[in-house]
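Here is the structure we will look at.
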Amino acid sequence: MNPKQIYVTKMSGEKALFDEEKLRNSLKRSRTEDDIIDKVIEKVKTELRDSISTKEIYRMAFAQLRKNSSHSAARYKLKQSILELGPTGFPFEEYISELLKFKNYRTEVGNIVNGHCVSHEIDIIAERDNRYILLECKFHSDQRRFCDVKVPLYIHSRFKDVEQELKKKSGHKDTIFIGGLVTNTRFSSDALKYGLCMGMYLLSWDYPAGKSLKSLIDQSGLHPLTSLLTLSKFEKQQLLDKGIILCKNLIGKEKVLKEIQISEQRIGKIISEVENLCNRLTE
């Protein structure tokens, strides 16, 4: 069957013609060499069928990419790696904190802050210059889920309660207080419209353009531990439970890998993948 005549099924259930350029561009973003991209696309095209899901196309592309370039495969599965930071939202909060530190923010995670009316747990407090951002992190383990307008409405009301109390404290005369929302999926159009209208700090997988969560990860090179292909899902969870969030956190931490019963042989392979991935990300 001619690939140009094949319809694919999106996550939303919508149908669209298979677009080879979209697949090529997604592979390019993972810094895959052109000859490998060509191999992956040719293999995927041989297995296409009408109404195939975009998720299945991703799986086929990933499987081929993994055979040819583990570093590119780790980058290609970035969105899935973020989804694997669950099931709780805490590792995601810690991960966002690390990304903000890369942008020269001082951060605190999981603080209880007094508001004018009641106390609130703030996921992340981020400070830089005279900006003081109170962030709520909304983690979704299903990429089909998104933040609708109720989420920023609720978060903004909490922010206004805390802001009123913070303004009473000394040393905040010139401070700009900002409420914010970060998610690993996306915002509905109304959520985005409301958040922008209220002057909120908004960050999602693809917003704002050029400064999105995806872009920030690319700029920083701070890939989550869950990107690693040499670790099982169970092993990743054990390491997340120990507070190891970033791939680079494993460098020089062979002892931690031994603690979760990983053999010396496998430890060597894991550390090699970490070092290669981190080196690739700084090139």
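Residues that are under 24 Å from Q237 (Cα atoms) and of a type in the set (F, W, Y): which helices (runs of 4 or more DSSP H) entirely in the stretch 1-103 hold 2 or more of them?
Those helices (runs of 4 or more DSSP H) span 54-68, 90-102.
Going through the stretch 96-146 one residue at a time, which ones are among the polar types (S, T, N, Q) and either closer than 17 Å to L85 by Cβ or crowded, with 18+ Cβ neighbours inside 10 Å (or both)?
Going residue by residue through the stretch 96-146, those that are among the polar types (S, T, N, Q) are 97, 104, 107, 111, 114, 119, 130, 141, 143.
Of everything in the stretch 96-146, those that are among the polar types (S, T, N, Q) and either closer than 17 Å to L85 by Cβ or crowded, with 18+ Cβ neighbours inside 10 Å (or both) turn out to be S97, T107, S141, Q143.
For the stretch 70-115, residues that are farther than 30 Å from T32 by Cα and among the aromatic types (F, W, Y) total 2. Look at (1) within 16 Å of L100 (Cα to Cα); (2) in contact (Cβ under 8 Å) with a residue 24 or more places away in the chain; (3) of a type in the set (S, T, N, Q) and you find that S212 fails only one, number (2).
Taking the stretch 230-283 as the range and being under 20 Å from the mean Cα position of the chain (by Cα) and β-branched (V, I, T) as the test, the residues that pass are T230, I244, I245, V274, T282. Residues in the stretch 212-244 that are out of contact with any Leu (no Cβ under 8 Å at 6 or more places or on another chain) and among the basic types (K, R) were compared, and the one that is surrounded by the fewest Cβ atoms within 10 Å (Cβ to Cβ) is K233. Taking first residues from the stretch 89-100 that are on the phi < 0 side of the Ramachandran plot and partners that are in a helix (DSSP H, G or I) and of a type in the set (S, T, Y), the Cβ contacts under 8 Å between residues at least 6 apart in sequence or on separate chains come to L99/S220. Considering the stretch 161-175, and only residues there that are among the charged types (D, E, K, R) and surrounded by 14 or more Cβ atoms within 10 Å (Cβ to Cβ), the residue that is nearest to A126 (Cα to Cα) turns out to be E163. The residue of the stretch 38-61 that is nearest to G13 (Cα to Cα), among those that are free of Cβ contacts under 8 Å to residues at least 24 places away in the same chain and among the charged types (D, E, K, R), is E56.
Just so you know, all these numbers are worked out from the coordinates, no wet-lab data involved. As the structure is a prediction and not an experimental result, all values here were calculated from the model. Because the Cβ atoms are built from the backbone with ideal geometry, glycine has one as well, and the counts that use them run over all protein chains shown.
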